[in-house]
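Novice: Here it is: the structure, laid out below.
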Amino acid sequence: MTIDWGWFPDHRSTLVTLTLDHLSTAVPAVLFGLLIALPLAVIAHRVRPLRGLLLGLSNILFTIPSIAIFVLLLPVTGLTRTTAITGLTIYTLVVLLRNTVEGLDSVPTKVREASTAMGARPLRTLLTVELPLAFPVIMAGVRVATVMAISLVSVASYIGYGGLGQLFTDGFQRNYPTPVVAGVILSLVLALVADAVLVTIQWLCTPWLRRRA
């Protein structure tokens with residue numbers, strides 16, 4: 001396999017455009033997944049009979065092949081970025097929902113009781129006590145979901161919104177490995193950078209853990 005390294009600088013603008021396009025699909029999917037997972041996780045945590053149902057449904061959705069998800073969404077959202085983002089959002093839910101539930105479960109009962117004893121309402125206890133303490137576990141799920149979304153965006157090239165996945169398609173169709181290698185390298189870099197950003201955010205948002213260390 002021969003790599004044409006001169007191809008990279010010649011297609012710099014294309015690579016930048018595809019990288020930004022990749023992010024514009026992956027990032028909203030994770031954000032929407034988190035917005036959906038948070039209230040569902042609170043319900044699953046507090047209403048035990050619904051816990052198994054919600055987690056089970058998310059697991060079932062995760063077993064559907066990604067291409068099948070996009071195909072099922074096409075009659076509703078068409079060949080648009082919305083289809084790609086919606087499909088990826090569904091995939092992030094299983095990780096985000098489970099980790100958020102586990103994070104809330106990890107909060108000691110005595111801490112909740114102390115908050116209630118001081119007159120805090122359930123919503124205030126959730127926002128000021130439970131979610132902050134569950135934050136590290138939730139962020140672990142966000143990190144996994146982000147890396148997963150970045151890797152799965154390439155599959156959306158099937159509907160024309162695959163970002164760096166278009167390099168894979170181009171390389172395979174022309175039997176030209178250079179674009180494929182470029183897509184792999186940039187996807188790995190995106191995943192590593194995104195994970196580093198999320199680790200930094202977690203570090204900044206959890207000063208009590210730094211003090212404990």
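Each row is one residue, and each column tells you yes or no for (1) under 19 Å from the mean Cα position of the chain (by Cα); (2) closer than 17 Å to Ile3 by Cβ.
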site: Gly163; (1), (2): yes, no
site: Phe168; (1), (2): no, yes
site: Tyr176; (1), (2): no, yes
site: Ala182; (1), (2): no, yes
site: Ser187; (1), (2): yes, yes
site: Val193; (1), (2): yes, no
site: Ala196; (1), (2): yes, no
site: Gln202; (1), (2): yes, no
site: Pro207; (1), (2): no, no
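Novice: Something else now. Which numbered condition trips up Tyr161, out of (1) surrounded by 13 or more Cβ atoms within 10 Å (Cβ to Cβ); (2) at pLDDT 85 or above?
Specialist: Every listed condition holds for Tyr161 apart from (2).
Novice: I'm checking my understanding of the structure. Among residues of segment 1-34 that are among the hydroxyl-bearing types (Ser, Thr, Tyr) and assigned to a helix (DSSP H, G or I), which one is surrounded by the most Cβ atoms within 10 Å (Cβ to Cβ)?
Specialist: Ranking the candidates gives Thr25 first.
Results for (1) of a type in the set (Gly, Ala, Ser); (2) touching a residue at least 40 places away in the same chain (Cβ under 8 Å), shown as yes or no for each residue.
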position	(1), (2)
Pro39	no, no
Val42	no, yes
Leu53	no, no
Leu57	no, no
Phe62	no, no
Ala68	yes, no
Pro75	no, no
Thr80	no, yes
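Novice: Taking Ile185, is it out of contact with any Ser or Thr (no Cβ under 7 Å at 6 or more places or on another chain), assigned to a helix (DSSP H, G or I) and not aromatic (Phe, Trp, Tyr)?
Specialist: Yes.
Novice: Given the options Thr128, Thr100, Thr109, name the one that is under 17 Å from the mean Cα position of the chain (by Cα) and of a type outside the set (Gly, Ala, Ser).
Specialist: Thr100
Novice: Can you tell which of Ala194, Ala117, Ala145, Ala156 is open to solvent by less than 30 Å² (accessible area, probe 1.4 Å) and either modelled with pLDDT under 85 or touching a strand residue (DSSP E or B) at 6+ places or on another chain (Cβ under 9 Å) (or both)?
Specialist: Details: Ala194 fails: either modelled with pLDDT under 85 or touching a strand residue (DSSP E or B) at 6+ places or on another chain (Cβ under 9 Å) (or both); Ala117 fails: open to solvent by less than 30 Å² (accessible area, probe 1.4 Å); Ala145 fails: either modelled with pLDDT under 85 or touching a strand residue (DSSP E or B) at 6+ places or on another chain (Cβ under 9 Å) (or both).
Going through Ala194, Ala117, Ala145, Ala156 in turn, the sole match is Ala156.
Novice: Examine segment 50-65 for a residue that is open to solvent by less than 40 Å² (accessible area, probe 1.4 Å) and either closer than 16 Å to Tyr158 by Cα or of a type in the set (Val, Ile, Thr) (or both), and state whether such a residue exists. Walk me through it before giving the result.
Specialist: Within segment 50-65, the subset open to solvent by less than 40 Å² (accessible area, probe 1.4 Å) is 54-56, 58.
Filter once more, keeping what is either closer than 16 Å to Tyr158 by Cα or of a type in the set (Val, Ile, Thr) (or both): none.
For segment 50-65, residues open to solvent by less than 40 Å² (accessible area, probe 1.4 Å) and either closer than 16 Å to Tyr158 by Cα or of a type in the set (Val, Ile, Thr) (or both): absent.
The values are calculated or read from the model by the stated rules, or taken from the named source; none is laboratory data. Predicted model, so just to flag it, every value in this text is computed and none were measured. Positions of Cβ are backbone-derived with ideal geometry, glycine not excepted, and every protein chain shown enters the neighbour counts. We work out accessible area using only protein heavy atoms, side chains counted, and drop any ligands, DNA or RNA first. Shrake-Rupley method; radii C 1.70, N 1.55, O 1.52, S 1.80 Å.
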